[in-house]
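Engineer: If you scroll down you'll find the structure; I have some questions about it.
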């Protein structure tokens with residue numbers, strides 16, 4: 001009896017599981033314990049804000065996955081995963097945030113019951129939310145297991161999106177456009193920043209038409225003036241001021257799928273240095289979009305972007321993008337490919353990225369970005385369709 | 001040159017650092033590496049949505065703390081921490097989500113520069129976001145260090161709030177009240193759930209008067225009918241229906257401080273079993289509030305709650321509360337004390353809890369909760385002031 005309201009078809013989950021099992025086989029992994037909430041949802045459909053306690057999915061080569069978590073969250077699992085109810089297992093509440101017991105003692109019992117005492121088990125050593133203590137308890141409970149680092153094993157299987165996933169991202173992008181349209185309309189000198197954020201969040205969750213909005217994996221980021229040098233500041237209640245640029249980093253979200261989108265607004269007359277940076281950045285974005293073709297590599301996008309920026313004397317120290325799709329807090333990236341000069345990953349049709357060449361300089365910042373889809377041929381498609389420019393308002 | 005807009009006075013940060021250092025000394029810890037974003041903010045003021053990459057604070061017995069993180073986030077640190085700029089250190093971007101390098105290699109360099117190769121260093125092995133891989137890399141980089149599990153060392157120092165912190169929580173509580181008032185006014189049969197969430201988020205961020213709202217560490221939770229059996233489901237676009245109860249678990253947030261608050265709305269005429277559960281739950285809440293006195297223990301609250309529920313034949317499997325205050329996603333609890341029968345922690349004036357006896361049964365749920373403050377004497381004060389009941393609307 002699968003959950004009633006699954007976002008994807010059984011065939012889609014079968015495909016995902018088959019890809020994951022093939023990679024497990026290739027690495028000689030007998031079982032995989034998946035803690036990253038995005039990976040759990042991608043494989044099983046599990047959806048709920050319960051990732052603040054230990055939980056995960058056991059992936060086996062020859063039987064349906066098992067969702068394992070806190071007892072009270074099994075009710076949520078029964079309502080959101082495609083597996084039969086007997087594939088949902090809970091641990092008792094006294095394990096939660098206890099100094100005497102650890103949930104991984106309970107997980108070890110399940111793994112032993114599956115006959116995995118001597119197995120090679122993959123764990124996501126550097127994914128959210130697998131703690132150092134979780135690893136230590138598992139090692140001590142199951143000394144015969146060969147624990148293998150399977151960080152990002154599942155994340156890599158998510159890189160090429162299905163048509164259904166791309167459809168979700170198009171819906172997320174429509175929500176992103178709506179949010180940015182609202183920002184451009186509402187931002188004015190004197191308006192408190194939190195008032196604009198309130199409308200961003202409202203627009204995002206109201207969604208577009210029948211496509212209701214989910215929560216994005218990152219809250220809106222919108223520093224102004226010299227604070228725009230800092231990419232990850234959130235907001236306060238100070239008013240927008242004339243003579244300042246503010247970038248807006250936001251994403252619509254449709255059933256956990258994202259399409260991040262950033263634009264910058266200047267109130268007043270932008271200084272020449274910012275106009276020059278805008279011109280170089282837009283040229284770099286267009287060169288990068290053109291380089292984002294199947295068969296090219298991730299680094300080709302980064303290098304195409306870098307050339308016009310260098311000519312303008314702008315040195316970025318950071319990567320200029322990452323894969324996107326399904327995600328949970330704290331990050332809407334997939335944590336596999338990085339658009340940077342050292343990344344040789346070959347681009348394939350159906351891959352999706354946030355092409356994100358933010359400029360965060362010593363005392364100013366500028367963000368003009370695109371969420372993109374690698375097509376079967378030719379340059380990338382942008383999910384959103386809004387002018388690629390610095391917006392100027394009086 | 002400290003940050004311009006710190007939420008607290010220098011004396012408050014001094015107090016926090018002194019408490020933390022005293023506990024380090026008591027445990028024989030020479031240095032502490034703090035990764036929990038809440039602990040980082042509590043100690044240094046650091047505030048930004050950058051906890052999706054490795055970062056942290058090095059606490060030393062005899063010198064100011066060092067904030068360490070990704071290069072691009074040092075700009076945010078310089079704008080939010082109280083320490084001098086030379087106490088902010090960044091690592092280069094190629095360390096981010098790389099398979100060849102790990103940020104902890106860079107951290108190890110800093111720890112070595114501090115002369116800590118043979119030291120006893122505390123790490124938060126079971127706090128967010130210290131991964132199994134982070135621990136492994138540190139162990140391999142610094143084989144002479146005695147790594148000590150310092151999970152929740154700082155969290156415990158946060159248990160008793162200062163007057164300034166309690167002031168922030170009162171502001172958060174006013175926002176919580178505003179959110180719940182809006183919910184009670186707006187929920188009606190036929191209204192899509194996401195429309196209500198949109199207004200909840202908008203009310204929360206608009207805040208009350210000049211007190212602008214920050215993002216809560218957990219998104220609104222509001223399952224209906226039989227889904228209310230699952231405490232951590234989020235929302236979708238389906239309309240509210242007659243004959244169903246929906247609980248609303250929300251929190252206002254003021255400068256990262258929370259006052260969670262839950263109420264349940266029934267549309268139509270509630271069934272008798274729900275009225276009986278309401279009566280038992282309210283009696284239990286009132287008994288718990290009365291037991292929440294300084295000198296009593298955490299378990300006294302849980303036991304006071306349990307008695308009337310047991311008489312009504314309701315067995316809860318879960319703890320009924322946790323400490324609250326400053327927090328970042330994914331959790332607004334402090335992860336120290338648990339209100340449950342085995343927790344003997346003595347209650348002290350200034351402690352703050354979410355007294356959270358949610359009922360999540362097989363096919364229904366009910367949440368009536370209070371954020372509370374342990375007073376100098378007598379029963380606890382509730383931060384919010386709204387009728388303690390199941391709300392019924394036609």
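The values are calculated or read from the model by the stated rules, or taken from the named source; none is laboratory data. Note that the structure is predicted; figures quoted are calculated from it, not measured. Because the Cβ atoms are built from the backbone with ideal geometry, glycine has one as well, and the counts that use them run over all protein chains shown.
Engineer: Of the conditions (1) closer than 30 Å to residue A:152 by Cβ; (2) not assigned by TED's automatic domain parsing to the domain that holds residue B:111, residue B:140 clears all except one; give me its number.
Structural biologist: Exception for residue B:140: condition (2).
Engineer: Counting just the residues of segment B:83-111 that are at the interface with chain A (Cβ under 9 Å from one of its Cβ atoms) and in contact with a strand residue (DSSP E or B) (Cβ under 8 Å, 6 or more places away or on another chain), which one comes out farthest from residue B:60 (Cα to Cα)?
Structural biologist: Taking segment B:83-111 as the starting set, the residues that turn out to be at the interface with chain A (Cβ under 9 Å from one of its Cβ atoms) are B:92-94, B:96-100, B:102.
Remaining after also requiring in contact with a strand residue (DSSP E or B) (Cβ under 8 Å, 6 or more places away or on another chain): B:93, B:96-97.
On the way: B:93: 26, B:96: 26, B:97: 28 Å.
Among those that are at the interface with chain A (Cβ under 9 Å from one of its Cβ atoms) and in contact with a strand residue (DSSP E or B) (Cβ under 8 Å, 6 or more places away or on another chain), it is B:97.
Engineer: Okay, moving on. Scan segment B:334-354 residue by residue and report those that are closer than 22 Å to residue B:277 by Cβ and surrounded by fewer than 24 Cβ atoms within 10 Å (Cβ to Cβ).
Structural biologist: B:340, B:341
Engineer: Cβ-Cβ under 6 Å, sequence separation 6+ or interchain: first residue in segment A:192-219 and closer than 24 Å to residue B:190 by Cα and in the same structural domain as residue A:334 (by TED's automatic domain parsing), partner in a helix (DSSP H, G or I) and modelled with pLDDT under 95. Which pairs?
Structural biologist: none
Engineer: Right, here's the next one. Please determine, by comparing only the residues of segment A:112-137 that are out of contact with any helix residue (DSSP H, G or I) (no Cβ under 7 Å at 6 or more places or on another chain) and without any contact (Cβ under 8 Å) to a residue 40 or more places away in the chain, which one is nearest to the other protein chains (Cβ to nearest Cβ).
Structural biologist: A:133
Engineer: Could you say which residue among A:146, A:174, A:164 is in contact (Cβ under 8 Å) with a residue 12 or more places away in the chain, away from every other protein chain (no Cβ under 14 Å), touching a strand residue (DSSP E or B) at 6+ places or on another chain (Cβ under 6 Å) and within 26 Å of residue A:57 (Cβ to Cβ)?
Structural biologist: After ruling out the rest, the residue left standing is A:146.
Engineer: So, in segment A:293-320, of the ones that are in contact with a helix residue (DSSP H, G or I) (Cβ under 7 Å, 6 or more places away or on another chain) and under 27 Å from residue A:171 (Cα atoms), which residue ends up surrounded by the most Cβ atoms within 10 Å (Cβ to Cβ)?
Structural biologist: Only one residue fits best here, namely A:301.
Engineer: Ok, one more. With more than 8 Å from chain B (Cβ to nearest Cβ) and surrounded by 22 or more Cβ atoms within 10 Å (Cβ to Cβ) as the only criterion, which of A:230, A:198, A:216 stands out?
Structural biologist: A:216
Engineer: Another question, if that's okay. Return a yes/no flag: does segment B:241-252 have any residue that is touching a residue at least 60 places away in the same chain (Cβ under 8 Å), at the interface with chain A (Cβ under 7 Å from one of its Cβ atoms) and either in contact with a helix residue (DSSP H, G or I) (Cβ under 7 Å, 6 or more places away or on another chain) or not in a loop (DSSP other than H, G, I, E, B) (or both). Before the answer, list the steps.
Structural biologist: Quick first cut of segment B:241-252, residues touching a residue at least 60 places away in the same chain (Cβ under 8 Å) only: B:245, B:247-252.
Next cut, at the interface with chain A (Cβ under 7 Å from one of its Cβ atoms) only: none.
The answer is no, given that none of the residues of segment B:241-252 is touching a residue at least 60 places away in the same chain (Cβ under 8 Å), at the interface with chain A (Cβ under 7 Å from one of its Cβ atoms) and either in contact with a helix residue (DSSP H, G or I) (Cβ under 7 Å, 6 or more places away or on another chain) or not in a loop (DSSP other than H, G, I, E, B) (or both).
Engineer: Which condition from (1) closer than 23 Å to residue A:5 by Cα; (2) modelled with pLDDT under 95 is the one that residue A:56 breaks?
Structural biologist: So residue A:56 meets the others, but not (2).
Engineer: Now for a different question. I need the full set of residues from segment A:380-394 which are surrounded by fewer than 14 Cβ atoms within 10 Å (Cβ to Cβ) and modelled with pLDDT of 95 or more, in order please. Walk me through how you get there before you give the answer.
Structural biologist: Narrowing segment A:380-394 to residues surrounded by fewer than 14 Cβ atoms within 10 Å (Cβ to Cβ): A:385, A:387, A:389, A:394.
Answer for segment A:380-394, where residues must be surrounded by fewer than 14 Cβ atoms within 10 Å (Cβ to Cβ) and modelled with pLDDT of 95 or more: A:385, A:387, A:389.
Engineer: Next up: Looking only at segment A:73-93, decide whether some residue is closer than 21 Å to residue A:152 by Cβ and modelled with pLDDT of 95 or more.
Structural biologist: For segment A:73-93, residues closer than 21 Å to residue A:152 by Cβ and modelled with pLDDT of 95 or more: absent.
Engineer: Mind listing just one residue for me: the one in segment B:315-344 that is more than 11 Å from chain A (Cβ to nearest Cβ) and at pLDDT 95 or above and, of those, farthest from residue B:217 (Cα to Cα)?
Structural biologist: So the first thing to find is which residues in segment B:315-344 are more than 11 Å from chain A (Cβ to nearest Cβ), and the list is B:315, B:321, B:324-326, B:339, B:344.
Those left that are additionally at pLDDT 95 or above: B:321, B:324-326, B:339, B:344.
Values: B:321: 16, B:324: 11, B:325: 11, B:326: 9, B:339: 20, B:344: 27 Å.
It comes out as B:344.
Engineer: Continuing with this model, one more query. For segment B:292-318, how many residues meet the condition of being over 23 Å from the mean Cα position of the chain (by Cα) and without any contact (Cβ under 8 Å) to a residue 40 or more places away in the chain?
Structural biologist: 10
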